[in-house]
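Asker: Below you'll find the structure I mean.
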Amino acid sequence: MTTTATTAKQGATAPTPPAARTGRTFGRRPSLRSYLASLSWSSLLYVAPALAFFAVFVLYPIGISVWYSFYAYDGLTQGTPVGWDNYTAVFTDSLLRAALLHSLVLLFFYAVLPVCVGLLLAGAMSRIRVYGLTVFRAVLFVPQILSSVVVAVAWRNLLAVDGPVNTVLKAVGLGRFTTSWLGDFDTALPSIGVIGAWVEYGLCMVLFLSGIVAIDRSTYEAARLDGAGPVREFFAITLPALRPQISIALILTVTFALRNFDLIWNTTRGGPGTTTTVPSLYVYQDAFQNRMLGRASALAIVLTVVILAVVTLVQLALREREHPLRRFTRPGRPGRKVQS
Amino acid sequence: MRIARSESVATHALLVLAAIVAVFPLVSIVVSSLHGVAGSGGVSFAGYSTAWTQGRFGSALLSSALVAVTVVVVTVVLAALAGYALATMRVPGARLIVALLLVGLVLPYEVTVLPLYELLTGWHLVDTYGALILPQIALSIPLGVLWMRSFFAAVPVELLEAARIDGTSRLQSLRLVVLPIAGPALTTLSTVLFLFTWNEFLLALILVPDNASVQTVPLALSFFSGAARSSDPAVTAAAAVLVALPVLLAYVFLQRRLISGLTEGAVK
């Protein structure tokens, strides 16, 4: 800790740290020196306040979490180092494994389902002139701006034993399917999934709509002239053009699905039994209720690594490539002059 | 090339259905909040007055406003400075800084909350506004800095060059040349950060658990609806509407900015 502090101080007072001048005697020394001279050291003053906040309240806590994750620690007495035991526990403890499994189920509801629904609707909308687009956009986006606690209260109300969902089921003669949706062992997890899908589908649609607006209409005309049907049109034009938006939609929905503390805390708190537990719930409970700080930290680190890995994967998989239709989607291309 | 009228009608019908589904839960709590207490039938605002007095929502709304405004103002100032430097100057370690901020963008708060709690306990800040404000500034920094950086990067180089030739210092050109045209970018960023801070739940639950006078609206609603789970649903529903109302009102005026901020911001 102290060593980094002193080097940082040196760096601030001496524009070129002595180590950089004397430390390297091999080949590219002049270019290194000119590189260092080309940097604006005073620009660090602009960045420093923001970075200080980020370092103290984000980076430092992460470091401490990594440190704790290798200890058995109750927050009061001296911790004992346990190596990778906390991490082994994350993957072997049956309760934690179940929580990870619930997260996977919710991943389907929170990410896969909204993206598919959004794509389907966006695909349909790409074929017509939509009236009242601004209004639809604004209304579809409402679930995104509500506090998750409000969402939880509203859906608890909807899904209650005597709530509107059951009333409708009874009215259409499906009375035998009524249940306490969030209180039943079989329906609690999918019900939470439905809430998550509701929160996210509008976001996906709005994202995809903004992508569709950017597609050149003549691409569709050309495809139709060539006899492409709606399905062909969707897979050949709409889907490839929406690649960047799908990537963002997946990143936003997946991180929401894997974190997901607020919604579960305010609907089921992991119950009934342990049917709706998720990792972030155990992070909270182990850290602040069960005093198992080491295990809570290990679980939080695993959660972070999983999120970063999934985000990286999504970005790599959907990275924008030069796709075959690019030359059709950019009408103002220079090559056009030759033809005219 | 025309599409059949029936297809247009069918798609619009689907859209209307999707829109109804999006607002139905909200409409349903508004309806149940207006049900008379004890189910007497007819419209009644009794639920609202009960919720307002029992749930201390007046104080919670003030806390939320104070916290959100402070976080937004401080973050925007810090983010403008840092984003300006990262976009227009040769900042040492710029790549590392940007990479760390990008990671910060998708980081689950869960990994920071426990050490944060201990840190702020040591500083005697738990259960004070400081515990809500300081970490939330830090958590808003990645979005803020990257947002401002991409805005400043789009400012024409000639503009800054011209200012430099006129003998303007870098800080002066930020204030006199760049900020005057940054209005829309700053407003959109502020709106998005305000929404995030206003709705933040987990940090409030952990960092101000035992002091009702600094608790924000989501936390107040969570405690209130948890305690009132068995009592009158009209009162809980009214409380939820009270919490949602300020955000919805702001949304009516700022929806364009908010939607573009939350969707295009991610595209950058």
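The values are calculated or read from the model by the stated rules, or taken from the named source; none is laboratory data. Bear in mind that the values here come from a model prediction, so they are computed numbers and not experimental data. Cβ placement follows ideal geometry from the backbone for every residue including glycine, while neighbour counts extend to all protein chains displayed.
Asker: Mind telling me which of the residues A:Gly175, A:Gly202, A:Gly196 ends up being surrounded by fewer than 22 Cβ atoms within 10 Å (Cβ to Cβ), on the phi < 0 side of the Ramachandran plot and either modelled with pLDDT of 90 or more or not basic (Lys, Arg) (or both)?
Answerer: Answer to the check: A:Gly175.
Asker: Can you find a residue in the stretch B:78-100 that is assigned to a helix (DSSP H, G or I), crowded, with 16+ Cβ neighbours inside 10 Å and at pLDDT below 90?
Answerer: Looking through the stretch B:78-100, at least one residue is assigned to a helix (DSSP H, G or I), crowded, with 16+ Cβ neighbours inside 10 Å and at pLDDT below 90.
Asker: Okay, moving on. Hey, can you tell me all the residues within the stretch A:125-146 that are without any contact (Cβ under 8 Å) to a residue 12 or more places away in the chain and among the small types (Gly, Ala, Ser)?
Answerer: Selection gives A:Gly132, A:Ala138.
So that you can scan it fast, the table gives a plain yes or no per residue for (1) within 26 Å of A:Val311 (Cβ to Cβ); (2) charged (D, E, K, R); (3) without any contact (Cβ under 8 Å) to a residue 40 or more places away in the chain:
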{"position": "B:Val73", "(1), (2), (3)": "no, no, yes"}
{"position": "B:Thr88", "(1), (2), (3)": "no, no, no"}
{"position": "B:Ile97", "(1), (2), (3)": "yes, no, yes"}
{"position": "B:Leu116", "(1), (2), (3)": "yes, no, no"}
{"position": "B:Gly122", "(1), (2), (3)": "no, no, yes"}
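Asker: Given the options B:Pro108, B:Pro180, name the one that is without any contact (Cβ under 8 Å) to a residue 12 or more places away in the chain, of a type outside the set (Phe, Trp, Tyr) and not in a helix (DSSP H, G or I).
Answerer: Going through B:Pro108, B:Pro180 in turn, just one is without any contact (Cβ under 8 Å) to a residue 12 or more places away in the chain, of a type outside the set (Phe, Trp, Tyr) and not in a helix (DSSP H, G or I): B:Pro108.
Asker: Is there any pair with a first residue in the stretch A:252-268 that is within 13 Å of A:Val105 (Cα to Cα) and at the interface with chain B (Cβ under 10 Å from one of its Cβ atoms) and a second that is modelled with pLDDT of 90 or more and surrounded by 23 or more Cβ atoms within 10 Å (Cβ to Cβ) whose Cβ atoms are under 7 Å apart and which are 6 or more apart or on different chains, and what are they?
Answerer: A:Val254/A:Ala111; A:Leu258/A:Leu303; A:Asn260/A:Leu106; A:Asn260/A:Val278; A:Asn260/A:Ser280
Asker: I'd like to verify a number: residues in the stretch A:148-158 that are small (Gly, Ala, Ser), free of Cβ contacts under 8 Å to residues at least 12 places away in the same chain and more than 12 Å from B:Val27 (Cβ to Cβ), how many?
Answerer: 0
Asker: To continue, here is another question. So the check is Cβ under 8 Å with 6+ separation or different chains; which pairs have a first residue in the stretch A:49-78 that's at the interface with chain B (Cβ under 7 Å from one of its Cβ atoms) and a second one that's assigned to a loop (DSSP other than H, G, I, E, B) and surrounded by fewer than 16 Cβ atoms within 10 Å (Cβ to Cβ)?
Answerer: Close Cβ pairs satisfying both conditions: none exist.
Asker: Here's something else I'd like to know. For B:Ile20, indicate whether it is loosely packed, with under 13 Cβ neighbours inside 10 Å, facing chain A (nearest Cβ under 10 Å) and closer than 24 Å to A:Ala160 by Cα.
Answerer: yes
Asker: Still on this structure, please answer the following. Just one of B:Thr50, B:Thr75 is among the polar types (S, T, N, Q) and either under 30 Å from B:Leu186 (Cβ atoms) or out of contact with any helix residue (DSSP H, G or I) (no Cβ under 9 Å at 6 or more places or on another chain) (or both); which is it?
Answerer: Criteria check complete, one pass: B:Thr75.
Asker: Could you tell me which of the residues A:Leu182, A:Leu174, A:Leu107 is away from every other protein chain (no Cβ under 13 Å) and more than 30 Å from A:Pro230 (Cα to Cα)?
Answerer: Every option except A:Leu174 fails the conditions.
Asker: Looking at the stretch A:54-74, is at least one residue β-branched (Val, Ile, Thr) and assigned to a loop (DSSP other than H, G, I, E, B)?
Answerer: For the stretch A:54-74, residues β-branched (Val, Ile, Thr) and assigned to a loop (DSSP other than H, G, I, E, B): absent.
Asker: Another question about this same structure. Exactly one condition in (1) more than 13 Å from chain B (Cβ to nearest Cβ); (2) at pLDDT below 90; (3) buried (at least 20 other Cβ atoms within 10 Å of the Cβ) is false for A:Arg137; which is it?
Answerer: (1)
Asker: Continuing with this model, one more query. Considering each of B:Leu195, B:Leu171 in turn, give the residue that is surrounded by 19 or more Cβ atoms within 10 Å (Cβ to Cβ) and either in a helix (DSSP H, G or I) or touching a helix residue (DSSP H, G or I) at 6+ places or on another chain (Cβ under 7 Å) (or both).
Answerer: Going through B:Leu195, B:Leu171 in turn, just one is surrounded by 19 or more Cβ atoms within 10 Å (Cβ to Cβ) and either in a helix (DSSP H, G or I) or touching a helix residue (DSSP H, G or I) at 6+ places or on another chain (Cβ under 7 Å) (or both): B:Leu195.
Asker: Given the structure, is B:Leu146 part of a helix (DSSP H, G or I), within 28 Å of A:Ala152 (Cβ to Cβ) and modelled with pLDDT of 90 or more?
Answerer: no
Asker: Okay, moving on. If B:Val126 satisfies every condition in (1) closer than 20 Å to A:Tyr284 by Cα; (2) surrounded by fewer than 24 Cβ atoms within 10 Å (Cβ to Cβ); (3) in contact with a Ser or Thr (Cβ under 8 Å, 6 or more places away or on another chain) but one, which is the exception?
Answerer: (3)
Asker: Can you tell me which residues in the stretch B:206-219 are assigned to a helix (DSSP H, G or I) and within 17 Å of the chain's Cα centre (by Cα)?
Answerer: B:Val217, B:Pro218, B:Leu219
Asker: Here's another thing I want to ask about it. Does A:Leu100 count as surrounded by fewer than 14 Cβ atoms within 10 Å (Cβ to Cβ) and in contact (Cβ under 8 Å) with a residue 60 or more places away in the chain?
Answerer: So A:Leu100 does not fit the description; no.
Asker: Taking A:Ala228, is it small (Gly, Ala, Ser) and crowded, with 21+ Cβ neighbours inside 10 Å?
Answerer: For A:Ala228, the condition - small (Gly, Ala, Ser) and crowded, with 21+ Cβ neighbours inside 10 Å - is not met.
Asker: Looking only at residues that are within 18 Å of A:Ile62 (Cβ to Cβ) and more than 23 Å from the chain's Cα centre (by Cα) in the stretch A:289-316, which one is nearest to the other protein chains (Cβ to nearest Cβ)?
Answerer: That would be A:Leu293.
Asker: Then there's this: Within the stretch A:220-251, take every residue that is within 11 Å of chain B (Cβ to nearest Cβ) and among the β-branched types (Val, Ile, Thr) and give me the one that is farthest from A:Val311 (Cα to Cα).
Answerer: A:Ile248
Asker: Can you tell me which of (1) over 25 Å from the mean Cα position of the chain (by Cα); (2) in a helix (DSSP H, G or I); (3) closer than 25 Å to A:Ser43 by Cα; (4) free of Cβ contacts under 8 Å to residues at least 60 places away in the same chain is the one B:Ala138 doesn't meet?
Answerer: Only one criterion in (1) over 25 Å from the mean Cα position of the chain (by Cα); (2) in a helix (DSSP H, G or I); (3) closer than 25 Å to A:Ser43 by Cα; (4) free of Cβ contacts under 8 Å to residues at least 60 places away in the same chain is unmet by B:Ala138, namely (1).
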